[in-house]
Amino acid sequence: MKICLTLLCLLVVCPLLPSQEATPLTPAPVEKVGELPPLTKALNEKAAVAFSKGDWASARKAYNEMIEMDPKNALVWANLGAVEQQAGDAKKAMECFEKSVEHNAALAQSWVALGLLRLEAGDTYMAISAFSRAIHEDPEDPRAHNYLAIASKNLGWADAAEAELQKALALKPDYGIAHFNLALMMLEQRPPAIELAKRHYDKALSLGVAKDEVLERRLKE
């Protein structure tokens, strides 16, 4: 039984647009989140609207225009990677995210996106490398720990996978998919930790994760 990658979809990578939330008391360093080229607000808004509508051609055109203005802008390369991924071109998406981390290795979200693409391509060792670098850049991102757990599990590193899921939940106790994945890990222990598995599965359900018939059958055995 495979542990689950994401709540909604295997690879949902959204543009790393500037946050619309209230400015935090201690803003994240620019090198960690990236910044768009000067005087590109209109282009960025055009790209964001196109992305939300699934108009990949228009979004791609806008981001390419921004790259022409600033060829080494890691954030724009990441956003273009998100467009290519959603458009179904994993190869181009990977190239864009590789460009992103080449120009700014501190951009953790680009490492996460790159890791997901590598994991989907079956390149588990490179995926582990990318997720590990994402955690190095942003140790408090629970998703990166969850994804590293998945990659570790793919290689049979059960202890490492369980440890990463525990770290994800320590950072985000209401991380439903991490509870679900940990329930699966508990069931695969020898002997299975049924009560712990049930506890994490029930918590996952309460947080909106869909029911899993196979897992439920295992819990009743």
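No value in this document is a laboratory result; all are computed from the given coordinates. This is a predicted model, so every value here is computed, not measured. No Cβ is skipped: glycine too gets one built from the backbone with ideal geometry, and neighbour counts run over all protein chains shown.
Some observations on this one:
- Positive-end residue, segment 37-104 charge dipole about Cα centroid, Cβ charges, pick of TRP56, PRO38, CYS96: TRP56
- Applied to segment 63-68, the Karplus parametrisation 6.51 cos²θ - 1.76 cosθ + 1.60 on θ = phi - 60° returns per-residue 3J(HN,Hα) values of 5, 5, 5, 5, 5, 4 Hz, with x for Gly and Pro.
- Among the trypsin sites (Lys or Arg not before Pro) in segment 43-122, those placed in a DSSP loop whose Cβ has at most 14 other Cβ atoms within 10 Å are LYS72.
- Computed 3J(HN,Hα) for segment 210-221, one whole-Hz value per residue from the Karplus formula 6.51 cos²θ - 1.76 cosθ + 1.60 where θ = phi - 60°, is 5, 5, 10, 5, 5, 5, 5, 5, 5, 5, 8, 5, glycine and proline marked x.
- Exposure proxy for ARG199, ARG190: other Cβ atoms within 10 Å of each Cβ, ordered fewest to most, give ARG190, ARG199.
- Assuming charge only on the beta carbon of Lys and Arg (+1) and of Asp and Glu (-1), the dipole of segment 168-221 about its Cα centre is about 60 debye to the nearest 20.
- Separation of the alpha carbons by more than 30 angstrom is noted, of LYS172/LYS220; LYS53/LYS167; LYS61/LYS211; LYS91/LYS172, for LYS53/LYS167; LYS61/LYS211; LYS91/LYS172.
- Dipole magnitude of segment 81-160, debye to nearest 20 (Cβ charges: Lys/Arg +1, Asp/Glu -1, about Cα centre): 140 debye
- Charge dipole (segment 68-218, unit charges on Cβ, about Cα centre) - positive-most of TYR125, ALA163, LEU148: ALA163
- Cross-link reach list, aspartates and glutamates versus LYS92, counting only Cα pairs under 13 Å and skipping chain neighbours closer than eight places: GLU84
- For segment 126-186 versus segment 86-115, the inter-centroid distance based on Cα atoms is 20 Å.
- Among ILE194, ILE67, ILE177, the ranking by other beta carbons within 10 Å of each residue's beta carbon, starting with the fewest, stands as ILE194, ILE67, ILE177.
- Couplings for segment 89-95, taken from phi via the Karplus curve 6.51 cos²θ - 1.76 cosθ + 1.60 with θ = phi - 60°, read 9, 5, 5, 5, 4, 4, 4 Hz in order; Gly and Pro are left as x.
- Full-stretch length increase - GLU102, ASN64 - with 0.36 nm per residue and alpha-carbon distance subtracted: 12.0 nm
- Compared with the alpha-carbon gap, the fully stretched path from SER129 to ARG190 is longer by 19.1 nm at 0.36 nm per residue.
- Burial ordering of LEU36, LEU119, fewest other beta-carbon atoms within 10 Å first: LEU36, LEU119
- Calculated FRET value between LYS72 and ALA210, using beta carbons and R₀ = 45 Å, to 0.05: 0.60
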